[in-house]
């Protein structure tokens, strides 16, 4: 017999999201850009990534529209 597990969070629990600066901003001044050449099978680079550096207003507006009230963005290396 399968037992269902119910998770309950307090009403003031803050749900959020997180992203890695390198993965969303890309760039050329970091350790991953130095490591990647010749190691990525199809030779793609992360130079632009998803360009959040320029799109952050639209990206954060979309998070807000989804009800996200907290976001952690790591710093670039």
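The values are calculated or read from the model by the stated rules, or taken from the named source; none is laboratory data. Because the structure is predicted, anything quoted here is derived from the model rather than measured. Methodologically, a virtual Cβ is constructed for each residue, glycine included, from the backbone with ideal geometry; neighbour enumeration extends over all protein chains shown.
For residues that are more than 24 Å from residue 73 (Cα to Cα) and at pLDDT below 75, tally how many sit in the range 1-37.
So the answer is 2.
Give the residues of the range 38-77 that are outside any loop (DSSP other than H, G, I, E, B), surrounded by 13 or more Cβ atoms within 10 Å (Cβ to Cβ) and modelled with pLDDT of 80 or more, sorted by residue number.
55, 56, 59, 60, 63, 71, 73
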